[in-house]
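Here is the structure we will look at, set down as C-alpha cells.
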Amino acid sequence: MRKTEQTGKDCINLWKKEYENIPVPKAAKERIAQGIRKGKETQKKTAFSFQWRKAGLTAAAVVVTFGAAVNISPAIANAMDGIPVIGSIARVVTFRNYKDQTGNMEADINVPKIGSDAIVNKDIEDYAETFIAIYEKELAETAGNAHFSVESNYEVVFDNEAYVSLAIHATITGASGAESVKVFTIDKKTEKAISLADYLGSSEKLAAVTANIKEQMKEQMKADEGVSYFPEGEEGGFTALTGTESFYPTANGDLVIVFNEYEIAPGSMGIVRFTIPKNIF
C-alpha cells in the first residue's frame, strides 16, 4: 500500500476515535460511523487550503439560521420558490446553517429538511448535526489553533412520484482529509428512509446486484490500469452487499450504489459509484 493511502487511513482512524467520544445520540453515531470511517490521502486535499484566513484572525463568528425564517420574511419565502418541490411531500430547505471561523478553523454545515414535519427529518438532522459536534469538539480542544475544517452540503439526486433521494456530502480536513456521502432514499408514502434491502425486496436480487458490481470491478480494472479495488478476501475487499449501502434510483429505472472512500478501494479512487442496469434486479 502506498504511503499516501496509509496516511489517509491513519488520519481517519484518529478522527474516528475522536468521534466516538462525542456526546451525541447513539442512533446518530451509527448513521455517521460509516461516513467518517474511510479517509482520503493528503495530496488530494491540499487544494482545500486555508488561504482565506488573514493573519491574526482569532475571534469566532458563528451564524445559525433556521428554516422558520420563511414564516417571518416574505423576501425569504419568495426566494424559496426556486427550491425543488418533492412530489406530494414538500420542498427541501436548509433548516439550519452553521458557520464558524475561529483562528485556523472553519465550519460551513448545512442541515436540510423536507417540508415541516416529514418523519425522516429527525434522521437527517441527527446525521448532519453530528458534523457540528465533531467540529465543536475539535474547537474546544484546540481553541482554534488547529488547521481543521468541516464542510457539509446536500443535493436532491433523484425525485419521482414514489421516492426522493437526498445526498448529504461532507468533507473533514485537517492534516489529511476525509470525504463522505450519505444518501437518504425516502418513500414518499411513509415519509421514512428505506434501505437498499427494502428497495430490492429480496436476498436474490441483492445477490444479483452484488455479482454485477464484482463484474464491473473486473471490467474497469481490465480496461484501465489506473483503476483498482481492494482484492476480495483482503481487508476492505468487497465481498457482498449488506443491504445498508447508500443508493438511489435513476430516471430510467437503474440503480446507483455508493461506496465511501477506502470502503472498497484505495483513496485515489475517491467515492465510488456503480450504476446497476434495471434488468439485473
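With a ≥ b ≥ c taken as the square roots of the eigenvalues of the C-alpha gyration tensor of the stretch 174-252, please select rounded if a/c is under 1.5 and otherwise prolate if a/b is larger than b/c or oblate if it is not?
The shape class here is oblate.
When the accessible area of the stretch 141-181 is computed with all protein chains present and a 1.4 Å probe, what percentage of it is carbon and sulfur?
Of all accessible area on the stretch 141-181, carbon and sulfur atoms account for 44 percent.
If I stretch the segment between N153 and T250 completely, what's the gain in nm (0.36 nm per residue apart, minus their alpha carbon distance), one decimal?
Result for the pair: 32.8 nm of gain on full extension.
Averaged per residue, what accessible area in Å² does the stretch 142-183 show with a 1.4 Å probe, protein chains only?
Accessible area per residue, the stretch 142-183: 36 Å².
With a cut-off of 18 Å, note down the residues of the stretch 167-195 whose backbone N falls inside the zone around a label point 7 Å from the Cα of I119 toward its beta carbon.
184-195
Accessible area of Y248, 1.4 Å probe, to the nearest 10 Å²?
Its heavy atoms expose roughly 40 Å² to the probe.
How would you classify the stretch 121-276 from its alpha-carbon gyration tensor, with a ≥ b ≥ c the square roots of the eigenvalues: rounded for a/c under 1.5, else prolate if a/b is greater than b/c, otherwise oblate?
Oblate, because a/c is 1.5 or more while a/b does not exceed b/c.
Among 258-268, 225-235, what's the highest-first ranking by average C-beta atoms within 10 angstrom per residue?
258-268, 225-235
Taking square-rooted eigenvalues a ≥ b ≥ c of the alpha carbon gyration tensor, is the stretch 216-281 rounded, prolate or oblate, where a/c under 1.5 means rounded and, failing that, a/b exceeding b/c means prolate?
Values: a/c = 1.83, a/b = 1.47, b/c = 1.24.
It is prolate, given that a/c is not under 1.5 and a/b is the larger ratio.
R0 = 25 Å: FRET efficiency of T242 with A146, Cβ-based, nearest 0.05? Show your work: numbers first, answer last.
Numbers: r = 35 Å, r/R0 = 1.39.
Efficiency, from the Cβ-Cβ distance: 0.10.
A207 to K222: extension gain in nm, 0.36 nm per residue of separation minus the Cα-Cα distance?
Going from the current span to full extension adds 3.1 nm.
Beyond 26 Å between alpha-carbons counts as too far, so tell me which of K99/K189; K182/K222; K137/K188; K122/K189; K113/K278 fall in that bin.
Violating the 26 Å limit, Cα to Cα: K99/K189; K182/K222; K137/K188; K113/K278.
Would you list H169, H147 from the most to the least accessible area, probe 1.4 Å?
Sorted by accessible area, descending: H147, H169.
The values are calculated or read from the model by the stated rules, or taken from the named source; none is laboratory data. Treat the numbers as computed from the prediction; the structure is a model and nothing was measured. Note that each Cβ is placed from the backbone with ideal geometry, even for glycine, and that neighbours are counted across all protein chains shown. Ligands, DNA and RNA are stripped out before the accessible areas are found, and what is left, the full protein with its side chains, is counted by its heavy atoms. Shrake-Rupley method; radii C 1.70, N 1.55, O 1.52, S 1.80 Å.
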